[in-house]
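The structure appears right after this line, and notes come after that.
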Amino acid sequence: MLYTTHPSPLGELLIAGPRPDTLASVTVPGQRGGARIGPGWRRDDAAFARAAEQFDAYFAGELREFDLTLAAEGTPFRRRVWEQLDRIAYGTTVTYGALARLAGLPPASVRAVGGAVGANPLSVVRPCHRVLGANGSLTGYAGGLPRKRQLLTLEGALPAALG
């Protein structure tokens, strides 16, 4: 696994992937369930230069959609939910229930959908921060609710009641 770190307003991002320009994970410091540098990992800053440029542009408010090759692994259920996460547009939010519906899942699956969102290994790139509780509340962000608020504020998507 190749990796690099990159400074961001959220803290030092750990960016990793199996080959150059292919992301398997993006982790913020202290992220619950986030990736950690493992045995055999090799630092290669040049391998993720394109990703670093896009992160800089995103945090500067100049990029609304990442154009990167993703290689995150997950169960078929998680991948189904993540496909819908990838479709949530910059500056918009959905509830966990709405995300379940978008994925063609029954209302009873909302907790499992929340688990799939929480297991997202591609913080920021795959926009799990755009998913809110049923009442529009900020809930369930593995990187911490202050970071979720920060990302939604950057995108102009923070619900007025929470601003």
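Structure values in brief
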| item | result |
| --- | --- |
| 5 angstrom amide H check on residue 122, placed H, neighbours 5+ away | 26 |
| Cα gyration tensor shape of the stretch 39-163, rounded if a/c is under 1.5, else prolate or oblate by comparing a/b with b/c | oblate |
| Relative contact order (percent, whole number), the stretch 74-162, Cα cutoff 8 Å, 6+ residue spacing | 31 |
| Global geometry of the stretch 2-69, whether rounded, prolate or oblate, following the gyration tensor of its Cα atoms and the 1.5 cut on a/c | oblate |
| Pairwise label distance in nanometres, residue 64 with residue 21, each label 7 Å out on the Cα-Cβ vector | 2.4 |
| Normalised contact order of the chain, rounded percent, pairs of Cα under 8 Å and 6 or more residues apart | 22 |
| Overall form of the stretch 59-104 per C-alpha gyration tensor (a/c, 1.5; a/b vs b/c) | oblate |
| Placed amide H near residue 70: partners under 5 Å, 5+ positions off or other chain | 23 |
| Mean-position separation - Cα centroids, the stretch 30-91 and the stretch 100-163, in angstrom | 16 |
| Principal-axis tilt of helix 76-85 within the chain, Cα atoms, nearest 10 degrees | 80 |
| For the stretch 110-118, 3J(HN,Hα) per residue [Karplus equation, 6.51 cos²θ - 1.76 cosθ + 1.60, θ = phi - 60°, Hz, x = Gly/Pro] | 4, 5, 5, 4, x, x, 5, 4, x |
| 0 to 90° range, to nearest 10: angle between helix 49-59 axis and the chain longest Cα axis | 40 |
| Helix 145-154 vs. the chain, principal-axis angle (Cα, 0 to 90°, nearest 10) | 90 |
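Read-outs: derived from the displayed coordinates by stated rules, not from any lab. Computed from a prediction, not measured in an experiment: that's the story for all the values here. All Cβ positions, even for glycine, are placed from backbone atoms using ideal geometry, and neighbour counts span all protein chains on display.
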